[in-house]
1. For segment 53-85, what are the residues that are under 18 Å from ARG101 (Cβ atoms), basic (Lys, Arg) and not in a loop (DSSP other than H, G, I, E, B)?
2. Please work out which residue is nearest to GLU61 (Cα to Cα), limiting yourself to segment 91-126 and to residues that are modelled with pLDDT under 80, part of a loop (DSSP other than H, G, I, E, B) and open to solvent by 60 Å² or more (accessible area, probe 1.4 Å).
3. Out of (1) over 23 Å from MET102 (Cβ atoms); (2) surrounded by fewer than 10 Cβ atoms within 10 Å (Cβ to Cβ); (3) modelled with pLDDT of 85 or more, the odd one out for LYS49 is which?
4. So ARG88 clears everything in (1) of a type in the set (D, E, K, R); (2) assigned to a loop (DSSP other than H, G, I, E, B); (3) open to solvent by less than 70 Å² (accessible area, probe 1.4 Å); (4) at pLDDT 80 or above except one condition, right? Which one?
5. Please tell me if ALA11 is at pLDDT 85 or above, buried (at least 17 other Cβ atoms within 10 Å of the Cβ) and over 30 Å from LYS117 (Cα atoms).
6. Residue pairs, Cβ under 8 Å, 6 or more apart or interchain, first in segment 16-37 and without any contact (Cβ under 8 Å) to a residue 12 or more places away in the chain, second among the basic types (Lys, Arg) and surrounded by 10 or more Cβ atoms within 10 Å (Cβ to Cβ). List them.
Amino acid sequence: MAKLCPKGKAAAKRKFDVYPSAYANMYASAVCSGKVKPGGKKKKKTIKKKTGGGLRKWVGEKWVDIGAPKKNGKFQPCGRKNAKTSKRKYPKCVPLAKANRMSASQKQSAVKRKRAKKQGVGGKPTMVKTFKKK
């Protein structure tokens, strides 16, 4: 059995309440062999932000109504305060990034298809594809 170095023994005595124990000796031998740095602070686990799509990205996007453009080329935020009293027609909502990529004819087509369907069936909005299948 190899003898433990004084540095390993000292580190084990500081770390463990009971020194002559199996765990303390394993720690001391790890310090002596250089596998463990004695007295080091515990590293905090860093949470990596997930990249890519998913629900978090979907929720975080800015949604706009492409059926009600402003005069300056921007879009109004998605939704209406009250469907019954609002002057705005039924909204076709898409993420702002997608709205900026769409051509004027694509926007017009998507809004036309959305408003052609009966809305609010069963208390739920009717889903319509943004881009028509070819």
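The values are calculated or read from the model by the stated rules, or taken from the named source; none is laboratory data. Just so you know, these numbers come straight off a predicted model, no measurement behind them. Here the Cβ is made from the backbone with ideal geometry for all residues, glycine too, and neighbour counts use every protein chain on show. All accessible areas refer to the heavy atoms of the entire protein, side chains included, with ligands and DNA or RNA removed. Shrake-Rupley method; radii C 1.70, N 1.55, O 1.52, S 1.80 Å.
1. LYS57
2. Looking at residues that are modelled with pLDDT under 80, part of a loop (DSSP other than H, G, I, E, B) and open to solvent by 60 Å² or more (accessible area, probe 1.4 Å), I get PRO125.
3. Among (1) over 23 Å from MET102 (Cβ atoms); (2) surrounded by fewer than 10 Cβ atoms within 10 Å (Cβ to Cβ); (3) modelled with pLDDT of 85 or more, LYS49 violates only (3).
4. (4)
5. yes
6. TYR19/LYS9; TYR19/LYS13
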